[in-house]
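One structure below.
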Amino acid sequence: MNHFPKKKWKALCGLVLVAIVMVLTGAGIVGGALCAPANHPVGRPTDLPVVAVNFESASGTVIHGWLVQPATNRGIVILQHGVRADKSTLIERAKFLARAGYGVLLFDFQAHGESLGKTITFGFLESRDAQAAVAFAKKNFPGKPIGIIGVSLGGAAVLLANPPLDVQALVLESVYPDIISATKDRLEWVLCRPARILSPLLTSQLKPCIGISPDELRPIDGVTKIKTPKLFLAGTKDQRTKFSESLAMFAHAAEPKTFFPVEGADHEDLHHFLGPRYEQLILEFLENNLK
């Protein structure tokens, strides 16, 4: 019986060890990059009358935003952007809401845009920014009803807020159910389906990198506790938050709730994708709930 030469065994073991080190190093680099702050200057729009505002958040930073004063006696709508984005990505939403007479508050989450922060936390610290935004709106517009439109991370920040946000209407777009599923989906989207097995290499870094565990990043648990009227929007072709996951999120949600599938949409700007239909949908929902 032939035996595999000892030198070859050593060489093979060495190659395996090198491969493991390379994979772990690569995962560490990727994990660090995903959590790194996404700070940059944000130019003020020239075609929307905004006032620069700021307010303190329990996330540990000063939040920078823009305020559009309400043109009528209607309520205030808070707009919350996605991961590694900023308030400028929501300007087009602010425009149609302002035309309808609503006041609008757009802001940068901590570690995004002009709001400083050490790490992006995928909704954990950002939920405190959402609480601070609601407190700002209540202080400056006492008695007015408040709605929130949360896109991806912005929606997760709503669902992770504890206690639930004291608002009258919630629009939740393309929100991930839990961080483990979100990591698997994105690995599949960037690489291929078998790459989903690599997710523990990234999720295991949450505690050392940002001080929280995967169990603390489960918006699907928070949605069961929120009695506020909710409108869910999800793209049927979304690869970063699977449509089946959005359906599961809706199934777990407490009443009252409504689900709108956006046929053919990926994980993208649903306002841009749907155009006037999006605006009609949102305005009808707000009209019914921001009394």
- prompt: How many residues does the stretch 36-60 hold that are out of contact with any helix residue (DSSP H, G or I) (no Cβ under 8 Å at 6 or more places or on another chain), farther than 23 Å from G101 by Cα and part of a loop (DSSP other than H, G, I, E, B)?
  reply: 5
query: Is it fair to say F232 is buried (at least 17 other Cβ atoms within 10 Å of the Cβ), in a strand (DSSP E or B) and aromatic (F, W, Y)?
result: yes
query: Does the stretch 157-166 hold any residues that are part of a loop (DSSP other than H, G, I, E, B) and among the aliphatic types (A, V, I, L, M), and which are they?
result: A161, L165
query: Out of curiosity, is P177 under 25 Å from A254 (Cβ atoms) and surrounded by fewer than 19 Cβ atoms within 10 Å (Cβ to Cβ)?
result: no
message: Checking S127 against (1) under 13 Å from the mean Cα position of the chain (by Cα); (2) farther than 20 Å from D269 by Cβ; (3) assigned to a loop (DSSP other than H, G, I, E, B): exactly one of these is not met. Which one?
response: (3)
task: Considering (1) out of contact with any Asp or Glu (no Cβ under 9 Å at 6 or more places or on another chain); (2) in contact (Cβ under 8 Å) with a residue 24 or more places away in the chain; (3) not basic (K, R); (4) not in a strand (DSSP E or B), say which one G143 fails and leave the rest.
output: (2)
field: Hits in the stretch 99-138 - residues which are among the basic types (K, R) and either touching a helix residue (DSSP H, G or I) at 6+ places or on another chain (Cβ under 6 Å) or closer than 22 Å to P164 by Cβ (or both)
entry: R128, K138
field: Residue list for the stretch 130-143, filter: within 17 Å of the chain's Cα centre (by Cα) and either closer than 14 Å to P70 by Cβ or crowded, with 24+ Cβ neighbours inside 10 Å (or both)
entry: A130, A133
query: Are any residues in the stretch 197-211 within 19 Å of the chain's Cα centre (by Cα) and surrounded by fewer than 17 Cβ atoms within 10 Å (Cβ to Cβ), and if so, which ones?
result: G211
- prompt: For the stretch 21-41, how many residues meet the condition of being modelled with pLDDT of 50 or more and closer than 15 Å to V83 by Cα?
  reply: 9
- request: Kindly provide the set of residues from the stretch 101-157 that are charged (D, E, K, R) and within 16 Å of D86 (Cβ to Cβ), ordered by number.
  value: D108, E114, E126, D129
- prompt: Filter the stretch 245-291 for residues that are in contact with a strand residue (DSSP E or B) (Cβ under 6 Å, 6 or more places away or on another chain) and among the polar types (S, T, N, Q); which is surrounded by the fewest Cβ atoms within 10 Å (Cβ to Cβ)?
  reply: T258
query: Of the residues E287, E279, E268, E245, which single one is in a helix (DSSP H, G or I), within 22 Å of E126 (Cβ to Cβ) and charged (D, E, K, R)?
result: E245
query: Based on what the data block shows, is P194 surrounded by fewer than 15 Cβ atoms within 10 Å (Cβ to Cβ) and either under 30 Å from G101 (Cα atoms) or touching a helix residue (DSSP H, G or I) at 6+ places or on another chain (Cβ under 7 Å) (or both)?
result: no
query: Can you name every residue in the stretch 68-84 that is among the hydrophobic types (A, V, I, L, M, F, W, C) and either in contact (Cβ under 8 Å) with a residue 60 or more places away in the chain or buried (at least 21 other Cβ atoms within 10 Å of the Cβ) (or both)?
result: V68, I76, V77, I78, L79, V83
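The values are calculated or read from the model by the stated rules, or taken from the named source; none is laboratory data. Since we're looking at a predicted model, the values are computed, not measured. Neighbour counts run over all protein chains shown; Cβ positions are idealised from the backbone, glycine included.
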